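Peer 1: Sharing a structure with you now.
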Amino acid sequence: MKIQNISLFWKKLRKNWSRSFRVIIRNEKNLSDVFSLRLTPRRIFVLGVSISLLIIMLTAMLIAFTPLRVYVPGYTNPVEYDLYRKMLSRVDSIERINAMQTIYLDNFYNVLNDIVVSKEMDAPMEGVSEKRVKDKVKAEEALKQVTDAAEQLLIEVTDRNTKNYIPLSQHIAKVSFSFTMPALGVITKSFSIPERHFGIDIENEKGTLITAIADGVVIGAEISKDGDILIIQHGGNIVSLYKNVDRIFKIKGAKIKSGDPIATMGDKGTESQNPYLHFEIWYNGSPINPLDYFIGGF
């Protein structure tokens with residue numbers, strides 16, 4: 001029955017598709033025609049579709065470009081969206097810091113246990129070595145060594161103001177150790193414990209090449225507004241520190257050899273307006289005078 005009704009409707013529509021109708025608006029007082037419009041079913045259909053599309057477009061533009069969009073399910077409030085982006089950025093930063101700390105602990109473990117990594121890592125977030133100790137007992141021993149070393153370092157840093165300076169030669173009388181120069185230039189400020197200047201300042205042009213003083217592993221590569229910082233762990237509990245560098249060539253976990261290029265000299269330091277390198281050497285948590293241990297003197 002319904003199919004017959006639909007069939008009759010389409011027949012009537014096709015029959016009257018081109019038939020003309022006239023819509024007239026007439027004044028009742030004088031019976032004059034005020035408005036007259038000639039229509040056909042075809043024109044009514046086209047006009048209706050056009051008006052519908054226009055309404056849909058205007059509604060979409062109203063929702064997309066005005067604050068009304070916050071009332072539509074699925075749209076986010078602008079304030080909430082900005083907060084979400086900030087939180088996402090913070091979470092990403094925390095994940096990167098966590099990964100960097102993991103790399104630092106891995107490097108610390110390798111240094112304490114004399115493990116030589118066979119492959120440098122290709123990216124900052126990758127592992128530092130393919131030869132990690134998988135044995136649970138060894139891992140626990142390594143963690144204990146790291147904890148003990150950190151506690152010892154904290155004690156030494158706390159007592160640094162009351163500790164007398166002891167030359168490196170008295171610490172390691174049985175070990176022959178010498179360093180290569182980290183950079184060419186003029187020494188503008190010397191090592192001084194009383195002034196709390198725990199290194200030397202070497203002044204030269206910006207971009208002057210900085211090289212590693214000995215073999216080691218990069219354990220720190222930090223970005224700072226006062227000049228980037230690079231830290232290298234060497235054998236015999238010796239750490240070298242390079243401050244106010246412009247470009248860093250090595251990443252955390254990278255193995256380096258004596259004389260390898262590691263950075264360039266920067267000009268963001270607070271000690272001088274000219275480009276310079278602030279260089280320090282630490283042994284067992286105590287600063288030492290680098291000028292006493294360069295090959296051939298300075």
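The values are calculated or read from the model by the stated rules, or taken from the named source; none is laboratory data. Since we're looking at a predicted model, the values are computed, not measured. Positions of Cβ are backbone-derived with ideal geometry, glycine not excepted, and every protein chain shown enters the neighbour counts.
Peer 1: Mind listing whichever residues of the range 216-233 are among the β-branched types (Val, Ile, Thr) and at pLDDT 85 or above? It would help to see each step written out before you state the result.
Peer 2: Within the range 216-233, the subset among the β-branched types (Val, Ile, Thr) is 217-219, 223, 229, 231-232.
Listed by number, the residues that qualify are 217, 218, 219, 229, 231, 232.
Peer 1: Taking strands (runs of 3 or more DSSP E) that fall entirely within the range 186-298, which contain at least 1 residues that are of a type in the set (S, T, N, Q) and under 23 Å from the mean Cα position of the chain (by Cα)? Give the steps one after another, and end with the answer.
Peer 2: On the way: elements: 186-189, 200-203, 209-211, 216-222, 228-234, 238-248, 261-265, 276-283, 286-288.
Qualifying strands (runs of 3 or more DSSP E): 238-248, 261-265.
Peer 1: Is it the case that some residue within the range 264-272 is in the same structural domain as residue 210 (by TED's automatic domain parsing), at pLDDT 85 or above and within 15 Å of residue 181 (Cα to Cα)?
Peer 2: Checked against the condition, which is being in the same structural domain as residue 210 (by TED's automatic domain parsing), at pLDDT 85 or above and within 15 Å of residue 181 (Cα to Cα), the range 264-272 yields at least one hit.
Peer 1: Within the range 249-263, can you find the residues that are under 15 Å from residue 182 (Cβ atoms) and crowded, with 19+ Cβ neighbours inside 10 Å? Walk me through it before giving the result.
Peer 2: Start the filter on the range 249-263 by keeping residues that are under 15 Å from residue 182 (Cβ atoms), which leaves 249-250, 256-263.
Across the range 249-263, the qualifying residues are 250, 256, 262, 263.
Peer 1: Search the range 281-294 for residues that are of a type in the set (D, E, K, R) and pair each with any residue that is buried (at least 19 other Cβ atoms within 10 Å of the Cβ) when their beta-carbon atoms are under 9 Å apart and the residues are at least 6 apart or on different chains.
Peer 2: 292/168; 292/191
Peer 1: What do you reckon, is residue 66 loosely packed, with under 11 Cβ neighbours inside 10 Å and within 60 Å of the chain's Cα centre (by Cα)? If you could, list the steps in order and put the result at the bottom.
Peer 2: Details: loosely packed, with under 11 Cβ neighbours inside 10 Å: yes; within 60 Å of the chain's Cα centre (by Cα): yes.
In short, yes.
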